[in-house]
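Okay, structure first, notes after.
Just so it is clear, none of the values below were taken in a lab; they were calculated from the coordinates. Bear in mind the structure is a predicted one, so any value in this text is a computation, not a measurement. Counting neighbours? That spans all protein chains shown, and the Cβs are built from the backbone with ideal geometry, glycine included.
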Amino acid sequence: MTGRPGGEDARVQGPAVFGIPYPWLALSLVCLGVLLANIDTSIITIALPTLAQEFGVARDEVLWVSLIYILVGTGLSPIMGRLGDLYGRKRLYVVGFACFTAATGLSAIAGSLPELLAARTVQAVAVATVIANGAAIVTDSFPAARRGRALGIMISMVGVGVAIGPVLGGVLIDILDWRAIFWTRIPLGVIGSLLVLALLRDTPAHQRPTGLDLPGSFTLFVLLGALVLAVNRGAAWGWGSPAIIGLFAATAGLVVLFIRIERRSRSPVVDLGLFRRVPFSGGILSVLLQFFGLTGAITIIPFYLVDARGFSTLEAGAVMVGYPLAMLIVSPLSGRLADRVGPRQVAVAGLVVVAAGLLSLSTLSATTPVAGIVLRMAIMGTGTAIFFAPNTVLIMQSVGRDRVGTAAAAQHTARTMGNAIGIAVGGALFTSQAARYALERSPLGLDDPVVAPDALVSGIQLALLVAGLVTVLAIPAALARGRARSGPDRAARDGT
C-alpha cells in the first residue's frame, strides 16, 4: 500500500461469480441494503395513522415509531462506521443485515406500541450499521476512475426506496393490514443476509487500525441523540420549555466533553483532524445544508398539495413522485459524469440545480398547474442526484483508507442532522407565517375557510424561500473544498 487515500492499490478483491466481477457483486449487495433501509424509512410514515388506531394511542405518541429510529440511527452511525474500520466492514454489514431482518420480523408481531418501539430500536441499530459501512464497501471495491459511477448507482437506490415505500405501504395496508409492511420484506432480508455472508470480502486484518474509543463513542451517541431530540420536538414541546432548553444545554456540554475525550484518545471514534481537511469538512457541511433545505421542502409540500390545493393523499403522492424518479434516473448518470470531468465540478452544479428547484418551489401559488409542480419537484430531485454521488466521492477521497467507514458515517450523520433541522425550521416558518397571515385578514385565523388556503400558501412560500437560500450557502463550501484540494479530482479522472 502507498497510503494514498482511496487508491486503486488498496481495493478489496474477490472472485467473480457467474462471470460477474467482484466490484459489481459488492455494489449489488450494498444496493440491496440501501434499498431495504430506505423503503423502511419511507414506508412507516404512511402507516402512522393506522398504528395510532391499532394501538389506541395519540398521534404524538405514535410519532415515536419514526423518532426512535432517527435518534438511535443518528447517534450510532459514526460508531458503526468506526467499528467497520476496526473490525471489518463485511462483518459489520452481515450483522447489520441479519439484525435488520430479525427486527423486521419482531415489528410484524408486535402486540403493543412499546413492543413495536423496541423492535424499531433494533432496526435503527441495524440500519445504522448497514448505511455506515455500505458506501465504504463500494469505495473499497472500485478503482477511483469508476467510483463515481458506482456510488451514483448506489445513491439511485435511495430514490427507489423513497418512491416505493409510501406506495407499497398504502397498497399493503389497504389490501392486508399494517403488519404486511414488515412481513413482505423478510424474504428479501433473509436472501440478502445469506448472499452478503457468502459473497462479500473483507479488508485483511493487518490493514485495519486498532483500538476502540468507548468513552468517546458513548458520549457521541448521547450528544447526537440529545441534539436530534431537541430539534425534532422543539415545536411540539415549546422551544422555551425546560426540556428543550435542558437538551440544548446538555448538547453544548457534551460537545466540549467529546472534544476533550477525542483529543486524548489514541484511536478516536471521530478523528477531529479530519475536519481540518477542507475537502472533508466542506463535503460534510454541503450535505448538512443541502438536506436542511431539501427535507424542509419535502415535509412542507404535502401541506400545500392537500390542505391548500385540496388534492387527495393519493394525488399528492403522485405529484411528488417526480422527485424520487428524477433521483433514480439521474444518479447513475451523475456518477459517470463525475468520473469523466471530476466530482467537484459536478457536485457544485448539483447544488446550483437543487437551489434553483427550491427557489422555484417558493413561487408556488394557489393556481399553479400540476405540471408546474411536478417539474419543480423533478428539478429538485435532479439536483440532489447530481450532487450526492460526486460529493460522496470527494469525501471518501479526502480520508485514508482506514477511515472511509468513519467518513461514510459522518456523511450519513450530516444528512440526518440536516433532515432534523430542516423539518424543525421549515415547519416553524410555515406555521408561524400562515397563522400571522390569516390573523391579519380574519379574526378566525386559519379556522376561516376563505382565508386559510392563501395563508397556507404564504407560509409555504416563506419556508421554501429560506430552504432555497440555505442551499445556496452550501455552494461556497463546495467551491472552497475544490480550491483547497484538487488532487482527488485528478485521481478520479486518471484512475490513480
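A convex hull fitted to the Cα coordinates of the range 330-370 yields 66 cubic angstrom per residue. With viscosity 1.306 mPa s and temperature 10 °C, the Kirkwood radius over alpha carbon pairs of the range 18-103 converts through Stokes-Einstein to a diffusion coefficient of 104 µm²/s.
The residue among Val62, Val393, Gly170 whose Cα reaches farthest toward the positive pole of the charge dipole of the chain, with charges on the beta-carbon of Lys, Arg, Asp and Glu, is Val393.
The eigenvalues of the Cα gyration tensor, multiplied by 5 and square-rooted, give the range 312-429 an equivalent ellipsoid with semi-axes of 29, 18, 12 Å from largest to smallest. For the range 250-295, pairs of C-alpha atoms spaced more than 12 angstrom apart make up 69 percent of the total. Spin-label model, Leu195/Leu333: points 7 Å from Cα along the beta carbon direction are separated by 2.7 nm. Overall, the chain carries a charge dipole of about 1940 debye about its Cα centre when +1 sits on the Cβ of Lys and Arg and -1 on the Cβ of Asp and Glu, all other atoms neutral. Calculated on the alpha-carbon coordinates, the convex hull of the range 266-368 measures out at 145 cubic angstrom per residue.
Using r as the Cβ-Cβ distance of Val341 and Ser365, and R0 as 41 Å, what FRET efficiency do you calculate, to the nearest 0.05? Computed FRET efficiency for Val341 and Ser365 comes out at 0.60.
Between Asp454 and Val171, the modelled labels are 4.2 nm apart [label points 7 Å from Cα along Cα→Cβ]. The radius of gyration of the Cα set in the chain, together with its Dmax, comes out at 22.1, 72 angstrom.
Placing +1 on the Cβ of every Lys and Arg and -1 on the Cβ of every Asp and Glu, with no other charges, gives the range 321-457 a dipole of roughly 600 debye about its Cα centre. Remark on the range 49-167: hydrodynamic radius 15.7 angstrom, per the Kirkwood mean of 1/r across alpha carbon pairs.
The range 243-292 and the range 76-119 have their alpha-carbon centroids 24 Å apart.
Each residue of the range 93-105 was assigned a 3J(HN,Hα) from its phi angle through the Karplus expression (A = 6.51, B = -1.76, C = 1.60, θ = phi - 60°), giving 5, 4, 4, x, 5, 5, 5, 4, 5, 5, 5, 5, x Hz with x at Gly and Pro. Taking N as the residue count of the range 56-122, its C-alpha radius of gyration divided by 2.2 N^0.38 Å amounts to 1.29.
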